[in-house]
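Scroll down for the structure; my scribbles are underneath it.
The values are calculated or read from the model by the stated rules, or taken from the named source; none is laboratory data. Nothing here was measured: the structure is a model prediction, and the numbers come from that model. Every residue, glycine as well, gets a Cβ built from its backbone with ideal geometry; the counts of neighbours run over all protein chains shown.
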Amino acid sequence: MNEKAALKDFYEQCGEKYPEEELVYKTLRGKLRKKFILQRLGEFHGSLLEIGCNRGMYLQEYKGGDSFGVDLSFSVLRQAHREKVIHLAVADAEQLCFKNACFDHVLCSEVLEHCLHPQDIFNGIAAVLKPNGRALLTTPNYSKKKHEYIELGSLKSFNIDCDCGNFYFHTAYKPGELEIMAQKAGLKVVESGTLEKQVKYAAKIPAAVLLFGRVVNKVFRSKRFEQMNDSFFQVFTNRIYDICHITGLEKYLLKLVPEGVRSFIIMEK
C-alpha cells in the first residue's frame, strides 16, 4: 500500500473509532481554537465550504449562509451532526471536486498538517473561492525543529493502526510559511499570526505532573493509569487557565508569550 492509500485507510479508522470532537474540545487548546474560529466565522456572510469538516461541528454553528463540507473519511461523515441541513461529500483536500468560484468562503482548520502536498490545498482554495471571497486556515505551529511524523500515541488505545508503522504524517507551519503558499496560489493575505497563547502558561505545571506520571507508569504499564494521568493534565490545565482569566493575571502572563501553539491565516481572492 502506498503512503497516500495508507493515510486514507488511517483516517477512515480515525473517523470510525476516534471521538475527536468529544476529546479535543474538552481541552484548553480545543476550547480556545473553537472560540477563535467561531468568532471569525461570524464575520462571514454567504456560502461556506469546510475542508476536512469531520462531523461538521463548525458547519452546524455557521449562521452566514449555506454550509458545505468535505472529508476524506466516509466513516466520520456518517456520524455528522444533523441539527441543521448541511451538504457533505467524501473528497480529498488536495483534489477538490467543485467548479471554480462556487463558494463565498472556505474554512480549513487542522487539515494542512496532515497533507503530503500542502500547496495543493491553497491552490484548491483559490480555485473554489468566488472573487473577494475569504478563507480561514489554521494549523499547528512549531517552536524549534519542524517535525513531519509523530507517534500514534493515544490513538493506539482506540485500536487504530497505520501501515506507515508506529508514526503517521503530521507536521506544522509558521504563519510566514502559510503566507508564502497563499501568495503562490494567487491569494491576498489579509491577516496571519498565532493563537492559543494561553496554553503556553497554563500547561507548564500540569505538563510536569504529566511527565512524572508517565515515568511512574513505565513501571506499572497501566492503560487506566495512563488515561487518568492524561485526564488530570487536561483538567488541571483548564483550571489554571480559568483562574488566570478570571483574576486578570492572564494579561500579564500573555506578555511573556511571544507566539501561540497554533498558526492561522486569513486569505482573500
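A few comments on the model shown:
- Just one of the listed residues (138, 194) is in contact with a Cys (Cβ under 9 Å, 6 or more places away or on another chain), under 23 Å from residue 260 (Cβ atoms) and modelled with pLDDT of 95 or more, and it is 138.
- If you go through segment 23-36 and pick out every residue that is among the β-branched types (Val, Ile, Thr) and either in contact with a strand residue (DSSP E or B) (Cβ under 6 Å, 6 or more places away or on another chain) or over 25 Å from residue 90 (Cβ atoms) (or both), you end up with 1.
- Answer residue from segment 226-256, given it is part of a helix (DSSP H, G or I) and of a type in the set (A, V, I, L, M) and is nearest to the chain's Cα centre (by Cα) among those: 235
- The residues on offer are 119, 95, 60, and the sole one that is farther than 30 Å from residue 250 by Cα, in contact (Cβ under 8 Å) with a residue 60 or more places away in the chain and not hydrophobic (A, V, I, L, M, F, W, C) is 119.
- Residue in segment 154-166 that is surrounded by 17 or more Cβ atoms within 10 Å (Cβ to Cβ), at pLDDT below 95 and within 30 Å of residue 200 (Cα to Cα) present: yes
- All positions within segment 198-211 that are assigned to a helix (DSSP H, G or I), in contact with a helix residue (DSSP H, G or I) (Cβ under 9 Å, 6 or more places away or on another chain) and not basic (Lys, Arg): 198, 199, 201, 202, 205, 206, 207, 209, 210
- Among residues of segment 241-253 that are in contact (Cβ under 8 Å) with a residue 24 or more places away in the chain and surrounded by 14 or more Cβ atoms within 10 Å (Cβ to Cβ), those with a Cβ under 7 angstrom from a residue that is among the acidic types (Asp, Glu) and in a helix (DSSP H, G or I), sequence gap 6+ or separate chain, pair up as 244/250.
- Strands (runs of 3 or more DSSP E) completely within segment 126-197 that count 1 or more residues being aliphatic (A, V, I, L, M): 129-140, 149-151, 188-195
- Residue match in segment 198-205 (condition: hydrophobic (A, V, I, L, M, F, W, C), free of Cβ contacts under 8 Å to residues at least 60 places away in the same chain and closer than 23 Å to residue 33 by Cβ): yes
- Among the candidates 220, 212, 232, residue that is surrounded by 14 or more Cβ atoms within 10 Å (Cβ to Cβ) and over 29 Å from residue 136 (Cβ atoms): 232
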